[in-house]
């Protein structure tokens, strides 16, 4: 019977839940994701723990809520002591490798305080979110007057240079820019250039490069069972793609924006601030959507082709039979829906992601090609992986739940009632424009499968949507008295969640239960008047002939 | 002008807030605590973060709520990565030393995972709650059929043996037992023996021994400024004390129990389970109180005499002028109040502690001998210490607030509205008798200065007391419809508290604010259509002559 030996954990960056053919997009072409879904289980209601790269990924990798691990936004360091997939899987004899992006920032102060050197094996893993590094490439090699956004070495830029690409920063000048009319760089940073072909040979662009690196990794790691986190930067911005993908889609393939004029009338203040930012303003313009979305779709179709290349390789080398394969994303992209761009808030366009899991075991045969609409959180992946390889579930540390029952056609008892997501905007301009203190610039989503609430710290009113009657999340019901009780119930869920013992990670439930009673067996007697009823062996320890009093 | 060079942080164990003369106890004699209070500020409403030794102390030492540090009960390890007083004070050039008890359990798995050896300086501090060790003596050297309660070496037992005390475990046989009629050991574990003199010379009992060790420390540490945590086991049980303290108090000195028959009628279930345990049953008997409380008071008067010895030594060596001295306790002792013994729940007898702070600086002259009734949490001490020595307040890590304004006669703006305390009874027999799962066996106190609520996880009803009209906390108002709104307000405080960003400890507010904006200066352009309005130096980085396309 087939077993799960290896785990290929594939993440795309900023891939919307609904931009796959198998998810119902009417015009996008993703035959390889679709054929993969046909022999896997697709989870149609998977929500990220935070709709922003860094925080979302730290939740994927720790299996814990943002409120628990504290790395609440991009480049907020993950504190030393937080355990990751690597820690849990190595205890089960597996390796954990990284090919691509994590967006993890190292807690340098914490490492220094504990004397951990990044040069040591332990230190290197702490500094890399628990992974061993095949390639670490966060994919944002932007440079400005204040220097590079990411100060690390760029394996991708080094590779392009080795191929002879002449620019100082070929990631920008070639992979993420076109050539303008007057032979200037048509920078991919400018949305008007999104219809240009990137100035690079397609096979040299980022997605094919990383796919090749992943194949190299797979072919060279047959000794120890592994989890390989293959983590792509695309279809994340800059929105530009090489030929032939740059003109694979046109304005006719762009779906109308999910938005209504009513959303702009007296919006909840934090939502209003995000609508008012330059990104929301830009993506509210039809010409921006018409220029950008075809490029975004082209980037996805390129991801799809490369995924097909990877699947073919796994098939050809017989690895489909013992590899669990997961396809997901760290968050979505508003693309103009709700008058917003980027991600950050909790509408489905932002907080809901694709999640397709291929379990090679025969127990999963019955669910192949099916869709599971259970309320899933992306922290569920870590326990699913541990479950798949028979490792300690570490339920006192991991806050998600194994999805294996769903994969094997079972319905778990008492599945979660709500999905929680969080967003910390304390480091953004919106906190500034709203005049909110860092500790108050935080948002929480509570979604019970029908009603989705956004709670905002700092004294702002909440938002509430009924996805049954309003699947597009257009009508904010938070101020409707008829929904006061619903709001109250969602707040009760929020309180119960917030009070969870998320830091009680040094004691398992089994250890706690084993502690009950027993201290009297170690000589501690409480509320005992005399020796009546004390076991003889216990009594013998506390009485018996006295020694002379010292005068 | 005087400055704070050293900090002497004195903790007694299980000392009730109201068992000092200066706190109004009608019969106890504590002249030295009283004279100390006369030249210090006494905080009359100080609440511990958990009414149990281990969890309460981890909050004192980390300056964080139990919900934040996770060491929720006795011997639940404090997870590697949590910072303590020692970490914060060493950054300010101070040492942090321990003389006595911490009840800290080391996170061995966490240390092993990070490769930290207890033999290294860093590892030793991590293993000892951030302190350097002068003496570590947790003071519970009980032994039963299953071995010792505490497997460490006992410096106190070793000292007694060096003095020629013949017993195998002189801590038990001499310091904590008397001699029975037939020359058997009259074990201090049996409450009926509480009126016996301990079978030891007074100067050899635990409190004088530790005081001597503290004086030795002080006299030998003049080089580096220090915080010295002098942490006594007494007046903690076993309730037995050497002559002359054993008969210093009699039944006439015992105050009537604060309790009423009504409390036993349909009690809140968790409260009911604690009343039903053997300790509650024993301390509900008048003969137990009449026998035990005089011994408890004798232990306190012995602590008082030894405190006087210490004060005289500091005075004689001129150290009063540059030493901040704090006297407090880790929790109280029910002693039969509310039909309970021990601590654990949130009535004042258990959760409220003495707190007297002597600030040697002239700015504190105006408040000497005064009483401050501000709502204080014991996590306020860590920031008070950092404040006193001008260290980084670390407000993104420490959750308390500096008490220095009160010491200097100022009233801080927007002081806290509620005090929070927590109790995790998952490892106790009460969780078993109530049939509660480990994650649900947790209690929370929210006290706004008038109304005190106990919230219980696991679906139990709350408790509510109005300390203005019912200072003895006898009438539970939680089910009274007239107080529904009060309950709702306290729950809102609980929710706000529970949602705090307690794990966002790798980014200070200042660092977060400094991050706002600025990514465009590092070449990240979002929502930008064309080059209009981009600063020339920024534009130069993303345009300029293109390189030839590679054919």
Looking only at segment A:187-196, which residues are surrounded by fewer than 24 Cβ atoms within 10 Å (Cβ to Cβ) and within 13 Å of residue A:242 (Cα to Cα)? A:195, A:196
Residue check, residue A:439 against (1) more than 30 Å from residue B:238 (Cα to Cα); (2) not assigned by TED's automatic domain parsing to the domain that holds residue A:338, all met but one. Which one? (2)
Residues (away from every other protein chain (no Cβ under 11 Å), part of a helix (DSSP H, G or I) and either closer than 24 Å to residue B:107 by Cβ or in contact with a strand residue (DSSP E or B) (Cβ under 9 Å, 6 or more places away or on another chain) (or both)) located in segment B:129-176: B:155, B:156
Here the residues within segment A:124-154 that are surrounded by fewer than 19 Cβ atoms within 10 Å (Cβ to Cβ) and touching a residue at least 40 places away in the same chain (Cβ under 8 Å) are A:132
Okay, helices (runs of 4 or more DSSP H) sitting entirely in segment A:1-105 with 1 or more residues that are within 12 Å of chain B (Cβ to nearest Cβ) and closer than 14 Å to residue A:378 by Cα, I get A:53-62, A:66-69
Any residue at all in segment B:25-43 that's touching a strand residue (DSSP E or B) at 6+ places or on another chain (Cβ under 8 Å), in the same structural domain as residue B:225 (by TED's automatic domain parsing) and farther than 21 Å from residue B:403 by Cβ? no
Of the conditions (1) farther than 25 Å from residue A:7 by Cα; (2) within 25 Å of the chain's Cα centre (by Cα); (3) surrounded by fewer than 19 Cβ atoms within 10 Å (Cβ to Cβ), residue A:91 satisfies every one except a single condition; which number is it? (1)
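Out of A:249, A:232, I need the residue that is touching a strand residue (DSSP E or B) at 6+ places or on another chain (Cβ under 9 Å) and crowded, with 16+ Cβ neighbours inside 10 Å. Which one?
From the options A:249, A:232, the qualifying one is A:232.
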Flagged in segment B:493-541 as within 12 Å of residue A:144 (Cβ to Cβ), in contact with a strand residue (DSSP E or B) (Cβ under 7 Å, 6 or more places away or on another chain) and modelled with pLDDT of 90 or more, in numbering order, are B:522, B:523, B:538
Of (1) surrounded by fewer than 16 Cβ atoms within 10 Å (Cβ to Cβ); (2) out of contact with any helix residue (DSSP H, G or I) (no Cβ under 9 Å at 6 or more places or on another chain), residue B:411 satisfies all except one. Which? (2)
Pick from segment B:285-299 the residues that are in contact (Cβ under 8 Å) with a residue 60 or more places away in the chain and surrounded by fewer than 24 Cβ atoms within 10 Å (Cβ to Cβ): which of them is nearest to residue B:196 (Cα to Cα)? B:291
Selection count where residues are more than 14 Å from chain A (Cβ to nearest Cβ) and closer than 24 Å to residue B:343 by Cα, scope segment B:221-244: 7
I'd like the residue in segment A:265-281 that is within 14 Å of another protein chain (Cβ to nearest Cβ) and part of a helix (DSSP H, G or I) and, out of all such residues, is nearest to residue A:241 (Cα to Cα). A:279
Residue in segment B:306-325 that is part of a helix (DSSP H, G or I), surrounded by 20 or more Cβ atoms within 10 Å (Cβ to Cβ) and free of Cβ contacts under 8 Å to residues at least 60 places away in the same chain present: no
Considering only segment B:113-128, I want to know if a residue exists there that is under 22 Å from residue B:232 (Cα atoms), part of a loop (DSSP other than H, G, I, E, B) and within 13 Å of chain A (Cβ to nearest Cβ). no
Can you pull out the residues in segment A:329-368 that are assigned to a strand (DSSP E or B) and buried (at least 22 other Cβ atoms within 10 Å of the Cβ)? A:329, A:352, A:353, A:355, A:356, A:357
Return yes or no: is residue B:109 closer than 17 Å to residue B:226 by Cα, at the interface with chain A (Cβ under 9 Å from one of its Cβ atoms) and modelled with pLDDT of 95 or more? no
Could you say which residue among B:243, B:257, B:295 is part of a loop (DSSP other than H, G, I, E, B) and touching a strand residue (DSSP E or B) at 6+ places or on another chain (Cβ under 6 Å)? B:243
Exactly one condition in (1) more than 14 Å from chain A (Cβ to nearest Cβ); (2) surrounded by 17 or more Cβ atoms within 10 Å (Cβ to Cβ); (3) assigned to a helix (DSSP H, G or I) is not met by residue B:482; state its number. (2)
Breaking point among (1) closer than 30 Å to residue A:477 by Cβ; (2) more than 17 Å from the chain's Cα centre (by Cα); (3) assigned to a loop (DSSP other than H, G, I, E, B), for residue A:393: (1)
Test: residue A:471 is closer than 30 Å to residue B:455 by Cα, out of contact with any helix residue (DSSP H, G or I) (no Cβ under 8 Å at 6 or more places or on another chain) and more than 7 Å from chain B (Cβ to nearest Cβ): no
Among the residues of segment B:490-548, write down those that are over 55 Å from the mean Cα position of the chain (by Cα) and facing chain A (nearest Cβ under 7 Å). B:529, B:530, B:531, B:537, B:541, B:542, B:543, B:544, B:545, B:546, B:547
Which condition does residue B:284 not pass, out of (1) more than 14 Å from chain A (Cβ to nearest Cβ); (2) more than 26 Å from the chain's Cα centre (by Cα); (3) within 24 Å of residue B:465 (Cβ to Cβ), if it passes all the others? (1)
Which numbered condition in (1) under 26 Å from the mean Cα position of the chain (by Cα); (2) surrounded by 16 or more Cβ atoms within 10 Å (Cβ to Cβ) is the only one that residue B:121 fails? (2)
For segment B:400-452, what are the residues that are out of contact with any strand residue (DSSP E or B) (no Cβ under 9 Å at 6 or more places or on another chain) and within 27 Å of residue B:466 (Cβ to Cβ)? B:411, B:412, B:414, B:415, B:417, B:430, B:434
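The values are calculated or read from the model by the stated rules, or taken from the named source; none is laboratory data. Every value quoted in this text rests on a predicted model; they were computed, and no experiment measured them. Here the Cβ is made from the backbone with ideal geometry for all residues, glycine too, and neighbour counts use every protein chain on show.
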